[in-house]
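Take a look at the structure set out below.
Read-outs throughout are calculated quantities, based only on the coordinates presented, and are distinct from any laboratory measurement. Keep in mind that what you see is a predicted model, and the values were worked out from it rather than measured. Positions of Cβ are backbone-derived with ideal geometry, glycine not excepted, and every protein chain shown enters the neighbour counts.
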Amino acid sequence: MKLTTPYADVLLPLSAEEFAALRDSIKAEGVRDPVLHTEDGRVLDGHHRLKIKPDAPRHVIPNSASWSDAECQAYVIRSNWQRRNLSPSQKAELREKMKRIAFALREQDKKRFTQPVLARTFGISREAVSKWFVRSAKAGSNGTYTNNTLPVRSEKPDARVKLSPQQKAAVAEQVASGRSRAAVAADFQVGRRTVDNVVKAAEKKAAVEAERARKAAEAKAAIEDEDRFVLHGDFRETLAHLADGSVSLIFTDPPYDRDSIPLYGDLAALAKRLLVDGGSLLCYVGHYAIPEVLPIMTGHLEYLWCCAVVHTGERARMNYFGIRVGWKPLLWLTKGSRNEADRQRFIDDVVISGGRDKEDHDWQQSEVEAVHFIEGLTRPGELVVDPFAGSGTTLAAAVRLKRQALGSEKNDSQVALANRKVTDAYRIALGGDA
Ligand SMILES: C[S@@+](CC[C@H](N)C(=O)[O-])C[C@H]1O[C@@H](n2cnc3c(N)ncnc32)[C@H](O)[C@@H]1O
């Protein structure tokens, strides 16, 4: 009899390692358990064995010719539920399938598929089955038990099987290269929905990056004088030509990683030369880095304050510290004391941020805080500098407020994007079209 495998995807596939181990064992010892199938040839147990050894021994399940799809699927799950070494999220996924099948069986024959029978069918507790039906009734089922009556649940993240960023990248790469999502889920010991979510996030990120690249190319082509507002290169070289005491405010956002901490020292040294007397440097800094950053900056400038930019969106969780982060620090240092007139213009040290706009840069900041400090600490016509310009957020805010603006950025495509953004803001500020 020719066998068919209509229920192959009811099961979660074996991981590549598990499959290789099964292949080796079959090679060494042959197939120990026969492939089980219905009287009309539908395989219910032994899909992997059959794949490895198409002539594996077979066994017919008695009285199975008339089994419905739901009955066959229930058999497939029961024979694998306890045997397989599944991760918690894979188990949760299989339970969802069980539930659907249980509802279909109930729909097929209410009298036969009572709750105790369903519990025995799947080899799980009666309480678990009872909960499914109670929940379904609460969710508004009108007495029919089709797949559609199942309340849709969002997948809870599986705390025990967390994918690292590298693993997420590998998941997305494998799916992109054509491997089935189910096989990738099996390899990484996660549920199918986790893979779907990872792929969706990766596709979104790729689309954002593609759009940035497109805009950068367009901006490059459009702006003849590319170095208009943002100079391309390391700020220690590109801003070296600026005259001593020519800058009223440096407002900037250096990279947050540990390797970049020395940049804060170079930034403070440059600020000491460029700032007007009493001028200010405000820079974002990671909370964790403050104890290391402050001593290297205060070798050049005076520490004045630590301002807070309060997040409005979802709070990031810093797992390492066990902290949900609601604000970011902005260190404020000055060249000598602030002058009396400036101190009369009181400024709030807390800014409610404008949310996460990451269209042009992964670390793009909201313009709200740049506007707040540029407006409060400088006057129209004065020069505002951003040595780590990124997508040009600070400089766009500066030109909108009719200040002069100059920045530096070492990333080539970011320079083009930033120049486009600041030029557009500049034209609008002058009263023209973007
Ligand atoms: C945190 S991001 C700034 C993001 C920016 N605030 C925005 O809203 O788009 C830091 C930027 O500094 C740039 N950078 C790092 N080191 C630099 C250096 N030595 N000179 C100039 N730019 C640098 C990086 O390429 C990156 O774009």
Margin query: Along the Cα→Cβ direction, 7 angstrom out, place labels at ASP196 and GLU211. What is the inter-label distance in nm?
Written below: 2.3 nm
Item checked: Approximate shape of the range 287-434 as ellipsoid semi-axes (Cα gyration tensor, √5λ), whole Å, largest first -> 25, 22, 15
Item checked: TRP363-GLU17 pseudo-label distance in nm [points 7 Å out on the Cα-to-Cβ vector] -> 3.6 nm
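Dividing the Cα convex hull volume of the range 43-123 by residue count, how many Å³ per residue is that? Please report the intermediate quantities before stating the final value.
On the way: hull volume 8.7 nm³, N = 81.
It comes to 108 Å³ per residue, whole-number rounded.
Say R0 is 45 Å: what FRET efficiency, to the nearest 0.05, do LYS111 and VAL325 get from their beta-carbon distance? Present the calculation step by step, with values, prior to reporting the outcome.
Details: r = 57 Å, r/R0 = 1.27.
My answer for the efficiency is 0.20.
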Checklist line | Acute angle (nearest 10 degrees) that the helix 69-81 long axis makes with the longest principal axis of the chain, alpha-carbon atoms | finding: 70 degrees
Note to self: Restricting to lysines 8 or more places apart or on different chains, can you count the pairs in the range 224-429 with Cα atoms under 28 Å from each other?
What the structure shows: 16
Checklist line | Rg/Rh for the chain, where both radii come from Cα atoms and Rh is the Kirkwood radius | finding: 1.18
Item checked: Computed over the chain: relative contact order in percent, which uses C-alpha pairs under 8 Å that are six or more apart -> 13 percent
Notebook entry, point to check: Roughly how tilted is helix 126-138, in degrees to the nearest 10 and between 0 and 90, from the longest Cα axis of the chain?
Noted result: 60 degrees
Next item on the list: Treating each Cα of the range 8-149 as an identical point scatterer and ignoring solvent, apply the Debye formula and state log10 I(q)/I(0) at q = 0.14 Å⁻¹.
Entry: -0.72
Check: Which residue, chosen from GLY336, ALA20, THR114, occupies the Cα position most advanced towards the positive end of the dipole of the chain, where the dipole is computed from +1 (Lys, Arg) and -1 (Asp, Glu) charges on Cβ about the Cα centre?
Finding: THR114
Check: Among GLN167, GLN364, HIS232, which residue has its Cα positioned farthest towards the positive end of the charge dipole of the chain, with +1 placed on the Cβ of Lys and Arg, -1 on the Cβ of Asp and Glu, and the dipole taken about the Cα centre?
Finding: GLN167
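Looking at the chain, which longest stretch skips every one of the GluC sites (Glu not before Pro) that is in a DSSP loop with at most 10 other Cβ atoms within 10 Å, leaving the sites themselves out? Don't skip to the end; give the middle numbers.
Numbers: sites that count: GLU224, GLU314.
Here the longest run is 1-223.
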Notebook entry, point to check: In a shell of Cβ-Cβ distance under 10 Å around GLU409, excluding GLU409 itself, what net charge do Lys and Arg (+1) and Asp and Glu (-1) give?
Noted result: -2
Notebook entry, point to check: When the helices in the chain are scored as -39500 (n - 2.57) per DSSP H run of 4 or longer and the sum is shared across all residues, what 222 nm value do you end up with, to the nearest 500 deg cm²/dmol?
Noted result: -14000 deg cm²/dmol
Margin query: Explain nothing, just the number: dipole magnitude of the chain about its Cα centre with +1 on each Lys and Arg Cβ and -1 on each Asp and Glu Cβ, in debye rounded to the nearest 20.
Written below: 2860 debye
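Please tell me which of these pairs span more than 26 angstrom C-alpha to C-alpha: LYS2/LYS27; LYS91/LYS168; LYS97/LYS200; LYS97/LYS205? Can you show the working numbers first?
Numbers: LYS2/LYS27 24 Å; LYS91/LYS168 20 Å; LYS97/LYS200 22 Å; LYS97/LYS205 31 Å.
In this structure, LYS97/LYS205 exceed 26 Å between Cα atoms.
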Next item on the list: Measure nothing but the geometry: give the 0 to 90° angle between the long axis through the Cα atoms of 192-222 and the longest principal axis through the Cα atoms of the chain, rounded to 10°.
Entry: 30 degrees
Check: Roughly how many whole Å is it from the C-alpha centroid of the range 17-70 to that of the range 390-430?
Finding: 66 Å
Next item on the list: Restricting to the chain, compute how many DSSP beta bridges are antiparallel as a %, nearest 5.
Entry: 45 percent
